Structures are given as C-alpha cells and as structure tokens.
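Q: Pasting in a structure now, in structure tokens, and then I'll have a few things to ask.
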Amino acid sequence: MLEGKTVVLGVSGGIAAYKAPEIVRALRREGARVRVVLTRAAREFVTPLALQTVSGEPVATDLFDLTQESEIGHIDLADTADVVLIAPATANAIAKAAVGMADDLLTTVLLATRAPVVVAPAMNVHMYENALVRENLARLVKHGWTVVEPDEGALACGYEGPGRLPDADVLVEAVGSAVAPDDLEGEAVLVTAGPTRESLDPVRFLSNRSSGKMGFAVARAAARRGARVVLVAGPCGLPDPRGIETVRVETAEEMAVAVRRRSRSATVVVAAAAVADYRPAKRETQKSAKKKGAMRLALEPTPDVVASAVVRKPGRLVVGFAAETTDVEERAKAKLERKALDLIVANDVSAEGAGFDVDTNVVTLVSRAGSEALPLLSKDRVADAILDRIAALRVRPSKKRVARTKKRRAR
Ligand code: C5P
C-alpha cells in the first residue's frame, strides 16, 4: 500500500508514544520508508534508539542540533515526506499546529511540508472533549488535515472514554488514504465478500474456503481512493473495516436481498463473494440424528447474486470473479458474457499463492477489450489493479472526444 512512499512520523509526548515502534513496523510492512521526528516530551516515553532501530533511519529530535540539522535537516524532512503522520498527537502538539507555531522540529516540519498531514489525537477523555481541543482539531480539518478519531476504552489515566490511540493498522489505513489517488471520488462502490453459509440444521452447514480477504481488500482500497463503499459480507473472521458500511449476511438468499436493495444506488458493483451454488433443499429445525449407513442430501440451486440481484442500469459497472482450477481464461470469458459483466477477475485457485485464505493472489483481468495477466501480488495490490481498471473504464470521454465521435458517426 505504501511502496515507494516516505512517511514522516511525528511522535509527541503522551503515554501512547510507547506504541510508536509498532506504528513504524506497521508502516514498513506496507513498504514505506519511515523517518521519525520525536518531540522533547516524547523522549520521556520512548527512546530515539528504539525508533532508530525499528525504522532503520536516523531519528530527528532537535531543531538546533548541528549534527542532526546537517545530516537530517528539517527542510529535507518536510520535502521528502509523501505524508506526515502525527501519532500520538497531544493536545499541546495539536494546539501549536492549529495556530501555525514553529517552536520545535516537529511543528517546523509541519509548516514547511506540502505533504498531506494525518493527526491521531490520544489523551485523557476530558482533555479530548475540551472545547479548545475540539476547536483546534476542527481548524486542522478546515485546512485539509485528516483527523483519525481516537478509540474509546480504558485510558492510561484511569478514565474510560475516547482518547486511546487506535491500532497501528487503523493508522496505516489512514496514511494509505492520504497518499492514494482520489480517482474514485463520487463513485458508490458495492462489494460482496466472503463465503455464504447454507444450513442443513441448527448446527451444520455447507460453505466454502473463502476468507473474505480479497473482497475486503477491494472495499478498503476503493474507500482509500475516495469512493463511498458498502460491503456485503458473508460469515468470515474479518472485522468491519473502519469507515465502510458493512452489512453482514449468512446465506446466498440474504446476500441477494442485501445486494438487490443496495445496488440501486451503486455506480460500481464488485462481486468478490464465493456464493454457495447449492443449498440443502430442506432445513431441519432440530439437529438431525446420526443414522446407520449412507445419507443422501437433496440440494437446490441458490440465486446467482451478481447475475440476478444486481439492478442493472446504463453506466453501472459490474465486476465479477471467477475461481477456476482449469481453462481459467476461457471459462472466465464465458462467465463474462453469461453474467453480463464488464470485467471479470479470473484466478486459478489451485496455483501456489493464489485463491482462498492466503494474502496473495495471481489473477488475470478479462474484459471485452482483452485480457491482462498479473504476477503474484498481495491481495491489496490486486485490489488496486482491479480498481485501476475500473477507474479507467469510468473515465468519461471528454466533450471534445464525444463531438469527434459524433462527427465521425455522422460521416
Ligand atoms: O459461476 P461462478 O460461481 O464461478 O461465478 C463467480 C462470480 O459470480 C463471482 O463474481 C461470484 O461473486 C458470483 N456469484 C454470485 N452468486 C452465485 C454464484 C456466483 O454472485 N450464486
């Protein structure tokens, strides 16, 4: 998500500063280069040595340190940043930033940078709810900064309430949004994800190996790129992604109902769910007892969600997935036509590193314009590649081009 990006992480002096090394590691896991700036107070909670070790970069602490200024340099920090993350941001750091002060290295970098800034406040609940802090945060938002709301819960000071620094992956997601293109702004993307579960009786069900990872990755990436996202998810172990309306369903029938209702306002539908094709013809209300000998199970087909429940409308893009084990591209092309899709993401689920329950995938993007085989990539990168294609398909022809086409047609 952050491959090739430089994140300047500003750590100010609250107790949550002890989580800074974890944030550095999470950012680096996504491919970012992380340059850390520690305020004087932050050094009371976490050492420059710890952050230097996890970031693999010299840590900047002083504006007026001759060695640091020549080796790191506040303007160089400001210029090389693709994004600045302040985590944790104390009430003091927020206040200084909100009035444009530059009395230490962090605030100076904040004024000098042209990169987007993400602020993660963490403090005592009464401080966080103080009208002055609220006003300062509102002022930062007005100037285009992103504020990641703190989590609620038990605080280090003994109080309960909002004020906890969110988990590192939430901060990484916010940083990812700040550097992602806004090419899906104005789009309403509906994503289906995960398996469905078709009950035999109150204890047993039929399902499949889908983990939901691919669909969740598409939902998160679309949100990062500015789309309003609704995620319809079958039973899987993944938590609701922050900021994404998530509708939990169990069966194919429930997924079809949710999709029928919500696809009306969607401009793009991405059907990544591995919907069960069959369900037990009869659902027992009591647990069926084990009997001697073989057992026959009568199955009936489920609704095809993408083919039948997505309300079609000109301009609405519909993207499907095709999990195959043989003749991948050929079968995908047939599915593209049969299900009236604009794009299909085909993958050989038997290939190494592809398919269910892994973090990587190997896919071929198949549309009527042709096919594009992608190498082994993380599911996050595959999600972005799919959305690149969608964004390209969404680019409306310019007025000039429309006029030219009309002229050509008239001739
Ligand atoms: O036919 P097949 O299951 O291979 O098609 C896969 C595509 O169709 C996926 O996009 C999947 O989400 C969708 N699908 C569906 N409802 C079904 C079966 C598949 O929406 N009952």
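Q: May I ask you to give the solvent-accessible area per residue for region 6-179, in square angstrom, as obtained with a 1.4 angstrom probe?
A: 45 Å²
Q: Which listed residue (HIS74, ASN124, ASN347) has the Cα farthest towards the positive end of the charge dipole for the chain, taking +1 on Lys and Arg C-beta and -1 on Asp and Glu C-beta about the Cα centre?
A: Positive-end residue among those listed: ASN347.
Q: Taking a ≥ b ≥ c as the square roots of the Cα gyration tensor eigenvalues, with a/c under 1.5 meaning rounded and otherwise prolate when a/b beats b/c, else oblate, which class fits region 1-147? Walk me through the numbers on the way to the answer.
A: Numbers: a/c = 1.41, a/b = 1.37, b/c = 1.03.
Cα axes put region 1-147 in the rounded bin.
Q: What residues of region 171-204 lie in the reach of a label at GLU245, counting those whose backbone N is under 17 Å from a point 7 Å from the Cα along Cα→Cβ?
A: From region 171-204, the list is 185-193.
Q: Also: To the nearest 500 deg cm²/dmol, what mean residue ellipticity at 222 nm is calculated for the chain from DSSP H runs of n ≥ 4 alone, each contributing -39,500 (n - 2.57), summed and divided by the residues?
A: It lands at -10000 deg cm²/dmol.
Q: Could you sort LEU374, LEU27 by their accessible area in this structure, using a 1.4 Å probe and putting the largest first? Provide the component values of the computation, followed by the final result.
A: Numbers: LEU374 25, LEU27 0 Å².
Output order, biggest surface exposure first: LEU374, LEU27.
Q: Given Cα pairs under 8 Å that are at least 6 residues apart, what percent is the relative contact order of region 232-323?
A: Normalised by residue count, the contact order of region 232-323 is 35 percent.
Q: What is the sum of charges, Lys and Arg at +1 and Asp and Glu at -1, for the other residues whose Cβ falls under 11 Å from the Cβ of PRO303?
A: Taking every Cβ under 11 Å from that of PRO303, the sum is -3.
Q: Can you tell me how much longer the chain between LEU376 and ALA351 gets when fully stretched, taken as 0.36 nm per residue apart minus their C-alpha distance, in nm with one decimal?
A: Contour length minus Cα-Cα distance gives 8.0 nm.
Q: For ASP104, what charge total do you get from the other residues with a beta carbon under 10 Å from its beta carbon, if Lys and Arg give +1 and Asp and Glu give -1?
A: Values: positive: ARG40, LYS96; negative: ASP62, ASP103.
It works out to a net charge of 0.
Q: What is the distance, in nm, between label points placed 7 Å from the Cα along the Cα-to-Cβ direction at LYS282 and at ARG40?
A: Taking the two extended label points, one gets 8.0 nm.
Q: If packing is taken as the average number of other Cβ atoms within 10 Å across a peptide's residues, how do 332-344, 189-201 rank, most packed first?
A: Details: 332-344: 18.2, 189-201: 24.5.
Ranked from most to least packed, the peptides come out as 189-201, 332-344.
Q: Right, something else. Tell me the accessible surface of ARG312 in square angstrom (1.4 angstrom probe, heavy atoms of protein chains only), to the nearest ten.
A: Only protein atoms counted, so the area is about 100 Å².
Q: Here is a further query. Which cross-chain or sequence-distant (5 or more) residues have an amide H under 5 Å from the amide H of VAL318, H modelled 1.01 Å from N in plane?
A: Those qualifying (amide H under 5 Å, at least 5 residues apart or on another chain) are VAL269, ASP342, LEU343.
Q: Here is a follow-up. What is the Cα centroid distance between region 279-353 and region 11-84, reported in whole angstrom?
A: Their Cα centres are 49 Å away from one another.
Q: Could you please put MET1, MET101, MET214, MET295 in sequence from largest to smallest accessible area, using a 1.4 Å probe? Walk me through the numbers before you get to the answer.
A: Values: MET1 50, MET101 80, MET214 15, MET295 150 Å².
In descending accessible area the options line up as MET295, MET101, MET1, MET214.
Q: Run the dipole for region 1-107 about the Cα centre, Lys and Arg Cβ at +1, Asp and Glu Cβ at -1, nothing else charged, and hand back the magnitude in debye, nearest 20.
A: 440 debye
Q: For region 86-225, calculate the relative contact order in percent as a whole number, restricting contacts to Cα pairs under 8 Å that are 6 or more residues apart.
A: Details: 187 pairs, mean separation 27.0, N = 140.
Value for region 86-225: 19 percent.
Q: Per the Kirkwood treatment, what hydrodynamic radius in Å, one decimal, follows for the chain from the mean inverse distance over all distinct Cα pairs?
A: Working: mean 1/r = 0.0418 Å⁻¹.
This gives a value of 23.9 Å.
Q: Between LEU66 and ALA131, how many nm apart are label points set 7 Å from Cα along the C-beta direction?
A: Each label point lies 7 Å from its Cα, and together they span 5.0 nm.
Q: Continuing with this model, one more query. Given R₀ = 45 Å, FRET efficiency for ALA369-ARG296 by Cβ-Cβ distance, to 0.05?
A: Once the sixth-power term is evaluated, E becomes 0.45.
Q: Quick one: dipole size for the chain, taken about the Cα centre, charges +1 on Lys/Arg Cβ and -1 on Asp/Glu Cβ, in debye to the nearest 20.
A: Result for the chain is approximately 2820 debye, rounded to the nearest 20.
Q: Calculate, for GLU3 and ASP151, the FRET efficiency according to 1/(1 + (r/R0)^6) with r their C-beta to C-beta distance and R0 35 Å; round to the nearest 0.05.
A: Efficiency for this residue pair is about 0.80.
Q: Cα centroids of region 202-224 and region 163-194: how far apart, whole angstrom?
A: 17 Å
Q: Got the relative contact order for the chain handy, in percent, Cα pairs under 8 Å and 6 or more residues apart? Mind showing how you got there, number by number?
A: Details: 855 pairs, mean separation 42.4, N = 411.
Dividing the mean separation by the residue count of the chain yields 10 percent.
Q: With springs only between Cα atoms under 10 Å apart, run a GNM on the chain and tell me which of VAL319, VAL170, VAL99 wobbles the most.
A: Comparing VAL319, VAL170, VAL99 in the GNM, the peak value goes to VAL99.
Q: Give, as a single signed number, the net charge of other residues whose beta carbon lies under 14 Å from the beta carbon of ALA122, with Lys and Arg counted +1 and Asp and Glu -1.
A: Charge balance in the 14 Å sphere: -4.
Q: 5 Å is the cut-off here: which amide hydrogens, built 1.01 Å from N in the peptide plane, fall below it relative to GLU187, excluding neighbours closer than 5 in sequence?
A: Long-range HN contacts for GLU187: ARG228.
Q: Of ARG261, ARG33, ARG296, which is the most mobile in a GNM of the chain whose springs link Cα atoms less than 10 angstrom apart?
A: The residue with the greatest mean-square fluctuation here is ARG296.
Q: How fast does region 206-293 diffuse by Stokes-Einstein, in µm²/s, taking the Kirkwood radius from C-alpha pairs at 20 °C and 1.002 mPa s?
A: Reported coefficient: 145 µm²/s.
Q: Between ILE75 and ARG25, what is the FRET efficiency for a Förster distance of 22 Å, r being their Cβ-Cβ separation, to the nearest 0.05? The partial results should precede the final answer.
A: Values: r = 27 Å, r/R0 = 1.24.
Rounded to the nearest 0.05, the efficiency is 0.20.
Q: Here is a further query. At GLU160 and LYS142, where each label point lies 7 Å from the Cα along Cα→Cβ, what is the point-to-point distance in nanometres?
A: 3.5 nm
The values are calculated or read from the model by the stated rules, or taken from the named source; none is laboratory data. The shown structure was predicted, so the numbers you read here are calculated from the model rather than taken from an experiment. As a convention, Cβ positions derive from the backbone with ideal geometry for all residues, glycine included, and neighbour counts pool all protein chains shown. To get the accessible areas, we keep the full protein, side chains included, count just its heavy atoms, and leave off ligands, DNA and RNA. Shrake-Rupley method; radii C 1.70, N 1.55, O 1.52, S 1.80 Å.
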